[in-house]
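The values are calculated or read from the model by the stated rules, or taken from the named source; none is laboratory data. Everything quoted here is computed from the prediction, not taken from an experiment. Note that each Cβ is placed from the backbone with ideal geometry, even for glycine, and that neighbours are counted across all protein chains shown. Heavy atoms of the whole protein, side chains included, go into the accessibility calculation; ligands, DNA and RNA do not. Shrake-Rupley method; radii C 1.70, N 1.55, O 1.52, S 1.80 Å.
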Amino acid sequence: MKKITTLILAAMIAVAASAVTPLPDQGVYRIKNVYSGTYVKLQHNYLADITAPTYEDASPLLVWYGERDENGESLLTNLSGDGGDMIETLEFIKGLIEEVLEYNNKPTWFLEEMFQLHLVPTGDPDGSVFLCVDVPPIDDWEEIRDIILEAAAGQTAVTYYISHMVPGNRHYMGIDYDGSFGYRLQAGTEEGTDIKFLMELDTDEVVNRGYYFVKTASPTAEAPYLRRVHSKSCTVDLVSPHNDASAVFEFGVEDGEKESRLTVQGFDLAALAQATGGYLALCPTNTAAQKFVYDAYALKLQLPDEGVDAAAIVAAAKTALGEDSEIAAALESHSDLIKNRAALYVVHSDNGGITLAGDANYAQYGDNAKWQLELIDTETNYFAPAATAEANGKYYTTFYASFPVSIVGDVTPYIVTAVAEDGTPTLEAMDGTTIAAGTPVVLELASNEDENNLLMPIISSEAQGIPYLENGPKSMLKGTYFDDDTENDMSTMLTLQDGLTFAVDNTADYMAANKAWADKSITTAITKIETDAQNDNTIYDLMGRKVVNPTHGIYIQNGKKVVY
């Protein structure tokens, strides 16, 4: 049977969800017919068949769909491959037919539904889908059909499609004897397996788990990077992310998982998504017109098929992030979007923050609803904390991050075991070459050039522990992820200054994000103990309390610091 346009074919090849499993994420797929076991292959802009023998021979197709209805069905809104955008082509053909019918004073109202491609779950456990077109009842169809066929003479794909349409019926896409596409009013072969299709995720287009900088795709954004430097909001306001831990996101999927991870500054957005019963997904958004390079993604929270409670989801967000958090506020102000089967998209708002969009209004945000991911490496997209103090020809900074790092550059991490009355810290080098998440340290940098001070965020269970000095003292430092944490009262803090001392910083309202500090009570306690302690071998801890049976750590004995 004759081949048919990819705009109709391939579009119907897209995605669907079974009644058993959720609708697959929007993404890049290779599509296989259940009966033949062969894959969809694009011939050129307008032709496609189902003749590719293996996954490697198949054409990757970017699939995007709208909100599902009460039956779990959806409409395909984007299907593109390396060769064309089939939905746009479908609209083009529909427009030509519309002109022909209007010229002949015939109705055109039915064309919209006739050219909509439905994604229908088969209900099978394998998640296979039907690809359907619904043709409404049309008066005088024979006459209208003949007008279209006469105008489209010689265009075999169009004439085949029109000649096989039976108004008032649902038509299923299936494979024909020659590997091309055909239509069925009902099941054809092997109990209908010839009209069932399986979507196989294109593994080359999966965002693998790792650490990324996240950049808005908006070409007009002056400060394009997303970061979470405030405890209650995410902001698109960073000019350069390289020195800023608040711009480091853990993103992606692992081992074929459907859920995408998104963790930043100690907050796991994926966990919040799972708490709603839904999941977080990264969806490629570019089309074939952009040469099939998927460097832009939508960030989507997909809500479950049933049991969605908007008030409960807003409450969960407020509990996780705080009553006045930006994300919780966005959920509350868009509570009308929170419903069964809905998708919520993270969007860059014009005020520099983020907001949410639903399926119905996602497209209106354009590039503001698209995000580019830059995988952190040791060359272009590097991460290197900047020096904040200088002493003895070396550069220093404090560091406190929600992710573990491996030391790549000429960097030495230290813990602070004591702080003298004048603010001078006692530094002891850490063992190993990794710093675990949530470990406040002082970093000694060989220079103030970023390329010499690289740290590489890592995903490693070995780095999740507390790598203080083995069998040695614990750090006296504390740290914060945010620069607006009002619990961190600057009047109680000693901050690292030039000359490598911890001195009070009276100019700042808040501790800088991702920095560490020493509490004033540490130096006060040590000074008092050293002054008052007599040479009677009495042992004190660093808070000035007598200790009878000291365990591992730093103590004061006879006016001196000792290590047990």
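Show me, for segment 387-393, the HN-Hα J-couplings you get by feeding each phi into the Karplus relation (A = 6.51, B = -1.76, C = 1.60, θ = phi - 60°), rounded to Hz, glycine and proline as x.
Calculated HN-Hα couplings, in order: 5, 10, 8, 9, 7, 6, x Hz.
Calculate, for Thr108 and Tyr177, the FRET efficiency according to 1/(1 + (r/R0)^6) with r their C-beta to C-beta distance and R0 45 Å; round to the nearest 0.05.
0.85
If amide hydrogens are placed 1.01 Å from N in the peptide plane, which non-local residues have theirs closer than 5 Å to the one on Thr433?
Long-range HN contacts for Thr433: none found.
How far is it, in nm, from the label point at Ser335 to the one at Ser521 when both lie 7 Å from their Cα along the line to the Cβ?
With each label placed 7 Å out from Cα toward Cβ, I get 4.1 nm.
Could you tell me which of Pro385, Leu373, Asn361 has its Cα farthest along the dipole of segment 349-400 towards the positive end, charges placed at Cβ (Lys, Arg +1; Asp, Glu -1), taken about the Cα centre?
My answer, from the dipole projection, is Pro385.
State, to one decimal in nm, how far the label point of Glu70 lies from the label point of Asp124, with both points 7 Å from Cα in the Cβ direction.
Taking the simple label geometry, Glu70 and Asp124 are separated by 2.8 nm.
Estimate the FRET efficiency between Asn381 and Asp140 by the formula 1/(1 + (r/R0)^6), using the beta-carbon distance for r and 41 Å for R0, to the nearest 0.05. Provide the component values of the computation, followed by the final result.
Working: r = 62 Å, r/R0 = 1.50.
Working from the Cβ atoms, E equals 0.10.
Which FRET efficiency value, to the nearest 0.05, is calculated for Asp57 and Glu390 with the Förster distance at 60 angstrom and r the Cβ-Cβ distance?
Calculated transfer efficiency: 0.50.
Does a label point 7 Å from the Cα of Glu91, set along Cα-to-beta-carbon, have any residues of segment 361-376 with amide nitrogen under 16 Å, and which are they?
In segment 361-376, the label zone of Glu91 (backbone N under 16 Å from the point 7 Å along Cα→Cβ) covers 361-367.
For the pair Ala223/Ala316, report the inter-label distance in nm, with labels modelled 7 Å from Cα in the Cβ direction.
So the label points at Ala223 and Ala316 sit 3.2 nm apart.
Would you check the accessible area of Trp109, probe 1.4 Å, heavy atoms only, in square angstrom rounded to 10?
It works out to around 150 Å².
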